[in-house]
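So the structure is just underneath, and the comments pick up after that.
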Amino acid sequence: MEMLKKLFSLEGKVVVITGAAQGIGEEVAKHIAAVGADIVILDRQEEKAQKVADALASEFHCKTMAIGVDVTKPEEVEEALIKADAYMGKLDLLFNNAGIVLHKGVVDVTPDEWLNVINVNLNGIFFVARAFGRYLIDHNKKGAIVNTASMSGIIVNWPQEQASYNTSKAGVVHLTKSLAVEWASKGIRVNCISPGYIYTPLTSFVRQDWQDKWKEDTPMKRMGTPEELAGAVIYLLSDSASYTTGSNLVVDGGFTTV
């Protein structure tokens, strides 16, 4: 057990997590804190993010902070990282997770709706990764970034129509690979996870017939849970993945294999 703890420990690390006010980000943040990390949450929902940060500090006795940030605004992202560095003393790792989904066909989606999904899911990932990578380079630090992509970046979901989401997540996968190559010489590893259908408070409101089809089409015959993504994120952030960069770790119950 001691070896396992050492392999996947994030003790002494400060991890920045976007979109951790709820859902996948919140649940993964709990597991990251449980393996020893201090946590910085960046989220548009500042009050909810602060409640999560306070709960993490109380349960895991770690140092936390929450900052209200719109990831589509690069100046806000940069200012938040400066503030986080000043308060936490350093920044080490990034779980770049903020995202949204829109179930709407191409002929019906408005230009503003399309741009909003692309801005949050792809441009937001880029702005946060760029600012964090610049921080590491400027401080001559090695580090690791895990972006949240989706199996929707490598397959087309059905029956829901969501071309905007699929396109944005495909961009995240390739952006991850591009950053991994560009920053390898800097000692910065960049990987992504691609979740399948995950049951969260948000997906619980999706049409039941869609949920039933998702489960039926998944070989494991169920949706995943947010905590089932935590191990993948912790592995990719930890030193156990020291030779892993540019990878897309698919966690989908076998959905994309059939």
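The values are calculated or read from the model by the stated rules, or taken from the named source; none is laboratory data. Predicted model only: the values in this text are computed from it and were never measured. Cβ sites come from the backbone with ideal geometry, for glycine too, and all protein chains shown count toward neighbours.
Those residues that are out of contact with any helix residue (DSSP H, G or I) (no Cβ under 6 Å at 6 or more places or on another chain), β-branched (Val, Ile, Thr) and in a loop (DSSP other than H, G, I, E, B), I need them from region 180-229; list them, please.
Across region 180-229, the qualifying residues are 206, 225.
Is region 122-133 home to any residue that is part of a helix (DSSP H, G or I), touching a Gly at 6+ places or on another chain (Cβ under 6 Å) and touching a residue at least 40 places away in the same chain (Cβ under 8 Å)?
yes
Each row is one residue, and each column tells you yes or no for (1) loosely packed, with under 14 Cβ neighbours inside 10 Å; (2) among the small types (Gly, Ala, Ser).
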residue: 193; (1), (2): no, no
residue: 210; (1), (2): no, no
residue: 215; (1), (2): no, no
residue: 222; (1), (2): yes, no
residue: 238; (1), (2): no, yes
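Say we look at region 240-258 and pick out the residues that are touching a residue at least 40 places away in the same chain (Cβ under 8 Å) and assigned to a helix (DSSP H, G or I); which of these is nearest to residue 177 (Cα to Cα)?
Applying the filter and picking the extreme gives 241.
Looking at residue 70, is it touching an Asp or Glu at 6+ places or on another chain (Cβ under 8 Å), modelled with pLDDT of 95 or more and among the charged types (D, E, K, R)?
For residue 70, the condition - touching an Asp or Glu at 6+ places or on another chain (Cβ under 8 Å), modelled with pLDDT of 95 or more and among the charged types (D, E, K, R) - is met.
Of all residues being acidic (Asp, Glu) and touching a Phe, Trp or Tyr at 6+ places or on another chain (Cβ under 8 Å) in region 213-258, which is nearest to residue 174 (Cα to Cα)? Just the residue, please.
The initial filter retains those residues of region 213-258 that are acidic (Asp, Glu), namely 216-217, 227-228, 239, 252.
Keeping just the survivors that are touching a Phe, Trp or Tyr at 6+ places or on another chain (Cβ under 8 Å) gives 217, 252.
Numbers: 217: 26, 252: 19 Å.
Ranking the candidates gives 252 first.
Hey, could you check region 125-161 for residues that are polar (S, T, N, Q) and touching a strand residue (DSSP E or B) at 6+ places or on another chain (Cβ under 7 Å) and say which is nearest to residue 214 (Cα to Cα)? Before the answer, list the steps.
Start the filter on region 125-161 by keeping residues that are polar (S, T, N, Q), which leaves 140, 147-148, 150, 152, 157, 160.
Those left that are additionally touching a strand residue (DSSP E or B) at 6+ places or on another chain (Cβ under 7 Å): 147-148, 150.
Numbers: 147: 24, 148: 20, 150: 15 Å.
If we take residues in region 125-161 being polar (S, T, N, Q) and touching a strand residue (DSSP E or B) at 6+ places or on another chain (Cβ under 7 Å), then 150 is nearest to residue 214 (Cα to Cα).
Among the candidates 236, 229, which residue alone is touching a Ser or Thr at 6+ places or on another chain (Cβ under 7 Å) and at pLDDT 95 or above? Let's see the steps before the verdict.
Values: 229 fails: touching a Ser or Thr at 6+ places or on another chain (Cβ under 7 Å).
Testing whether each residue is touching a Ser or Thr at 6+ places or on another chain (Cβ under 7 Å) and at pLDDT 95 or above leaves just 236.
Identify, by number, the condition in (1) in contact with a Leu (Cβ under 7 Å, 6 or more places away or on another chain); (2) buried (at least 23 other Cβ atoms within 10 Å of the Cβ); (3) touching a residue at least 40 places away in the same chain (Cβ under 8 Å); (4) not acidic (Asp, Glu) that residue 23 doesn't meet.
(2)
Could you tell me which of the residues 54, 70 is among the charged types (D, E, K, R) and touching a residue at least 24 places away in the same chain (Cβ under 8 Å)?
70
I'd like the full set of residues that are outside any helix (DSSP H, G or I), more than 18 Å from the chain's Cα centre (by Cα) and closer than 23 Å to residue 33 by Cα, limited to region 70-121.
The answer is 89, 90.
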